[in-house]
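Beneath this line is the structure, given in structure tokens, with notes to follow.
Just so you know, all these numbers are worked out from the coordinates, no wet-lab data involved. Since the model is a prediction, treat every value here as computed from it, not as a measurement. Cβ placement follows ideal geometry from the backbone for every residue including glycine, while neighbour counts extend to all protein chains displayed.
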Amino acid sequence: MKKKAVFNWSGGKDSALALYKVLSNNEYELISLLTTVSQDTQQSSMHLIPTAVLEAQAASIGFPLYKVMLPAKEPQGYEEEMRKVVSHFKEYGVTHFIFGDIFLHDVKRYKENQLAPYGIEVVEPLWNKTSKEIIEEFLCSEIRTKIVVTQADKLDKSFVGKDIDRELIARLPSNVDPCGEEGEYHTLVYDGPIFKNPVKFHLKEPKELIYNVKMDTGEMQTFKYWHTPIIPQ
């Protein structure tokens, strides 16, 4: 009997590659895709993908999309919302949550600590491989993706809106992880073997986003990004 699982879907390339591998090995019965969305912006948390595009991705992949709506002004509410999510899927016999992380050990440990008390096992199909190995797997998978967000001090706006291919990877500065695993860039997947049909959208001119964040030390730190608004079609 297959293990019942929920796939945590970001809408980006690592998530898509992890899903591609899961669907290929046929070990899990996927109940749903799961993503977190800001109530204020109606976009996914890091990739800034509108809910309409996330839903179009899920429809083309062929799974329902369960959206966790998070209030931006109450980040502490994340854990409570996820508790409700886990309780919901436990009723369907779900025993595994699948993610697309590569090597961020603190992130994986946090997820395991949060889910273990509920008897949910964390699955990481891409785990412990190098970024070079993962990006090579991604390029060979024929999944199509565009860069939609960059960390401004690492990648200028000329990278925004570009497809990930071998030429672009070769152009990345030496201080940028090939997979953007340190947050240097985020992507939107729109076509490839996991999709029945290409996801339709268009991109607007990139704009700069500036966030002032209060750190644990109490000091304020400024983060700048380039982002292209994504318009569903």
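The figures follow:
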quantity	calculated
Listed residue pairs exceeding 30 Å between alpha carbons, taken from Lys84/Lys129; Lys129/Lys207; Lys111/Lys214	Lys84/Lys129; Lys129/Lys207
Proportion of all alpha-carbon pairs of region 74-115 beyond 15 Å (%)	52 percent
Debye log10 I(q)/I(0) for region 24-144, one point scatterer per Cα, at q = 0.22 Å⁻¹	-1.60
Spin-label pair Lys90/Lys207, simplified geometry with 7 Å Cα→Cβ offset, distance in nm	4.2 nm
Cα centre as origin, Lys/Arg/Asp/Glu Cβ charges: region 144-232 dipole, Debye	480 debye
Partners for Lys21 among aspartates and glutamates (Cα-Cα distance below 12 Å; same-chain residues under 8 apart left out)	Glu124, Glu137
Gain upon complete extension [Asn128, Glu29; 0.36 nm per residue less C-alpha separation]	33.3 nm
Region 144-232: radius of gyration over Cα atoms, expressed as a fraction of 2.2 N^0.38 Å	1.21
Leading residue at positive end of dipole, the chain (Cβ point charges), from Leu70, Asn25, Phe201	Phe201
Ranked packing of 197-207, 173-183, 135-145, most packed first, by mean Cβ within 10 Å	135-145, 173-183, 197-207
Dimensionless Rg ratio for region 35-102, taking C-alpha atoms and the 2.2 N^0.38 Å reference	1.17
Residues Phe89, Phe7, sorted so that the one with the fewest Cβ neighbours within 10 Å comes first	Phe89, Phe7
For region 1-106, size of Cβ-based charge dipole, Lys and Arg +1, Asp and Glu -1, in debye	300 debye
Computed E for Leu115/Ser38 - FRET, C-beta separation, R0 35 angstrom, nearest 0.05	0.95
